[in-house]
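Participant: Below is a structure I'd like to ask you about.
The values are calculated or read from the model by the stated rules, or taken from the named source; none is laboratory data. The shown structure was predicted, so the numbers you read here are calculated from the model rather than taken from an experiment. Here Cβ is always computed from backbone atoms with ideal geometry, including for glycine, and neighbour counts include all displayed protein chains. Surface areas here come from the heavy atoms of the whole protein model, side chains and all, with no ligands, DNA or RNA. Shrake-Rupley method; radii C 1.70, N 1.55, O 1.52, S 1.80 Å.
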Amino acid sequence: MAHKKPGLFKRIVVIALFSLLILSFAAWGIQDIFLNLGSNQVVAKVGDIEVTQTEFSNNLSRETNSIAQQLGRAIDFQEAQQLGLTDRVIAQLVRQAMFTIQSQEMGMTVSEAQLKEEILKIDAFKNEFGDFDPNRFQNTLYQAGISETTFLADLAKDIERQQINNAITNAIPVPQKLAEQLYSYTSEKRLVDYIEIPYARFANMANPSDSELASYYETEKQNYLAPEFKSVSYLHLNPKEVAKTITLTDEQIEEEFLAQKDSLSLPDRRSLVQMLLNDEAQAKEAQAKLQGGADFNAVAKELTGSEGVDLGVMEQSDLLPELADAIFALDTTGITDPIQSPLGWHIVSVVEISPAREAVFEEVREQVTNDAALRVATDELISLANQLDDEIASGANLDEAATKLNQVMLSYDVIDAEGRDRDGLPLTGLAENAKFQEVLNQTTGNDDSLLTELDDGGYFILKVNSTTPSAPRDLLEIKSELTQAWVENRQNEEAKKIAEKLADESRNGTALQAVTDEAAELIKFGVEINRFSSNIGDALAPALVRDIYKAKKGDVLTGQGANGHLVATVSEIVQADLSNQSEEVDGMKSSVESSYKNDVYSQYLSSLRQDFGVEINQSSIEQVINPYGTSPY
């Protein structure tokens with residue numbers, strides 16, 4: 001499978017410009033069983049299609065590069081994993097593979113004419129007159145870091161996917177009456193008059209006495225619980241540590257080198273600058289000028305309006321087949337003859353040639369030695385893990401099994417559910433591992449966990465020695481924050497008391513602004529809110545907004561805001577006038593249709609996953625995320 005999906009920035013460009021990604025993908029949960037597929041070169045398998053480490057690495061690189069541009073700093077694969085980018089890339093590649101299988105089964109193809117038609121629709125490739133501009137096309141792809149080959153392959157897959165999507169979602173009508181009712185419901189506005197009694201009015205309130213604080217503590221102590229703590233012993237079979245003890249023969253190291261040689265070597269690469277012309281006549285004109293000694297960039301600017309586009313360093317596989325053959329047929333730097341492709345007519349200047357270079361054993365010996373040691377260590381750990389399971393199954397406890405296998409037990413005297421100590425500080429080591437925390441939380445007092453495999457090929461098993469149940473923290477420990485909570489609670493009570501008094505007087509027939517002299521100064525009239533407002537004027541009070549939409553005109557309500565207690569009355573209910581809102585109603589109808597389509601589309605993806613079968617090789621993914629050495633070239 002040779003698909004390269006754009007990174008985040010590129011996907012934004014694609015979504016915004018191509019008008020092909022109309023239907024957003026439902027969130028894909030990587031919930032399949034993580035399997036060992038028996039090959040470290042495969043990260044996922046969908047039906048008969050294998051997604052390789054190279055594809056995953058390339059796609060993840062583009063994703064991280066796009067995020068790095070937005071963040072203004074570099075991020076590595078490990079940080080990308082923490083941000084959830086690795087799961088997103090795997091989901092993209094799996095989804096792409098599913099559609100590839102589906103389109104193959106349906107016999108779908110995309111012609112050059114279809115590709116050209118879609119390219120001509122893309123606004124980002126058009127000049128100020130609305131015409132397709134080859135140089136804008138090249139510049140856009142270059143800035144996004146996408147080769148023409150990758151772009152056309154992705155575009156073809158997008159077209160196929162959209163055709164399938166249209167077939168399963170187009171016949172989903174939304175009744176006009178439903179759209180009108182939904183628009184009326186969401187567009188209804190309400191005008192309110194309100195008074196806010198600010199908590200700041202009671203800023204000088206005295207702190208509680210000891211007896212008042214003690215009484216408040218008894219009432220609130222269940223809101224100030226210390227977490228449950230456990231004392232655990234555990235055995236960690238760590239492949240990195242085992243690898244340090246491995247002694248390899250020269251033959252083993254050489255075998256590892258041969259297995260990795262292709263990935264460590266570099267193919268023939270060429271530094272390219274290109275001009276893309278509209279037709280053959282213009283291309284021949286450019287060729288004649290170049291053969292006459294004219295400067296490449298000058299000719300490109302004269303005929304296309306801008307200088308040649310620097311494509312950077314490209315491999316043969318990065319280029320369209322028509323271009324690749326001609327460019328890599330050149331033995332020396334120079335300029336190709338005009339080449340026709342689905343995009344137009346190309347003339348390419350080969351600025352520099354970097355010949356293919358095979359990896360040299362001595363230069364990568366340290367890397368392949370580390371890799372080989374890690375693989376041997378992982379194999380040894382599988383055997384050791386099986387022995388450990390057998391020992392425990394035969395009746396040995398964890399300490400006895402560890403001693404018999406010459407393994408050292410480790411421990412955390414105090415650890416909570418999130419891997420922190422009694423002071424709330426994070427512990428180091430396995431305590432930081434999410435899988436360890438999950439197993440820890442599932443294991444009860446005086447019990448052993450099951451032997452659990454880690455993403456790096458290691459294993460662990462733990463025993464809970466004792467448990468300290470969650471309990472209220474001591475009053476002295478929380479005295480400061482408890483005092484602050486008591487004061488804020490009293491301020492709220494005082495403000496609420498005044499607000500309810502004003503509301504009662506207003507319900508008895510007194511106009512809200514006339515209930516007190518102060519009310520006349522505080523009241524705000526005719527404040528407009530909508531159903532989705534969080535604020536009433538400047539007051540943040542989402543719960544009161546919800547109550548107002550349950551009330552009738554003239555009702556008086558009270559509610560808590562972020563900075564005070566409010567008294568509000570509904571002065572007007574403004575219904576939407578459907579007679580002049582046809583465009584808005586159509587927008588609502590379209591939105592509901594899109595929602596329906598998304599639901600159907602999500603169910604369709606789920607069905608494909610079940611039909612084709614999806615397997616994820618987490619160990620292979622982890623090898624890409626945490627490589628032990630890189631190519632020296």
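Participant: Can you tell me which lysines have their Cα less than 23 Å from the Cα of K289? Leave out same-chain residues fewer than eight positions away.
Facilitator: Cross-link targets: K301.
Participant: Using the structure shown, select from K244/K435; K177/K553; K240/K435; K126/K284; K121/K284; K497/K553 the pairs with a Cα to Cα distance greater than 20 angstrom.
Facilitator: K244/K435; K177/K553; K126/K284; K121/K284; K497/K553
Participant: Restricting to Cα pairs below 8 Å that are 6+ residues apart, what does the relative contact order work out to for the range 461-566? Please round to a whole percent.
Facilitator: 21 percent
Participant: Considering only protein heavy atoms, what is the solvent-accessible area of W486 at a probe of 1.4 Å, reported in Å² to the nearest 10?
Facilitator: 20 Å²
Participant: Here is a further query. Checking the cross-link filter: which lysines have an alpha carbon closer than 20 Å to that of K550, excluding same-chain neighbours under 8 positions apart?
Facilitator: In chain and number order, the partners are K189.
Participant: What does the accessible area per residue of the chain come to in Å², with a 1.4 Å probe and no ligands, DNA or RNA counted?
Facilitator: 52 Å²
Participant: Can you work out the FRET efficiency for the pair K497 and K121, with r the C-beta to C-beta distance and R0 = 51 Å, to the nearest 0.05?
Facilitator: So the FRET efficiency works out to roughly 0.20.
Participant: Could I ask something else about it? Place +1 on the Cβ of every Lys and Arg and -1 on the Cβ of every Asp and Glu in the chain, take the dipole about the Cα centre, and give the residue among I415, Q176, Q162 whose Cα lies farthest towards its positive end.
Facilitator: Q176
Participant: Rounded to the nearest 10 Å², what accessible area does R136 show when all protein chains are kept and the probe is 1.4 Å?
Facilitator: For R136, solvent-accessible area is about 90 Å².
Participant: Taking +1 at the Cβ of each Lys and Arg and -1 at the Cβ of each Asp and Glu, which of G424, I498, S263 sits farthest along the dipole of the chain towards its positive end, judged by Cα position relative to the Cα centre?
Facilitator: Sorting the options by dipole projection puts first I498.
Participant: Also: Rounded to a whole number, what % of the accessible area of the range 335-439 do carbon and sulfur atoms account for, probe 1.4 Å?
Facilitator: About 47 percent, which is the carbon plus sulfur part of the accessible surface.
Participant: Ordering L450, L311, L237 by how much accessible area each has at a 1.4 Å probe, largest first, what is the list?
Facilitator: L450, L311, L237
Participant: From the Cα gyration tensor of the chain, with a ≥ b ≥ c the square roots of its eigenvalues, which class applies: rounded if a/c is under 1.5, or else prolate if a/b is larger than b/c, or else oblate?
Facilitator: Oblate.
Participant: Next up: Please give the solvent-accessible surface of M106 in Å², to the nearest 10, using a probe radius of 1.4 Å with every protein chain present.
Facilitator: The accessible area of M106 comes to roughly 110 Å².
Participant: Continuing with the same structure: Pop out the carbon and sulfur fraction of the accessible area of the range 167-288 as a percent, whole number, probe 1.4 Å.
Facilitator: Within the range 167-288, the accessible surface is 49 percent carbon and sulfur.
Participant: I want the local charge near L266. Using Cβ-Cβ distances under 11 Å, sum +1 for each Lys or Arg and -1 for each Asp or Glu among the other residues.
Facilitator: Every neighbour counted, the sum reads -2.
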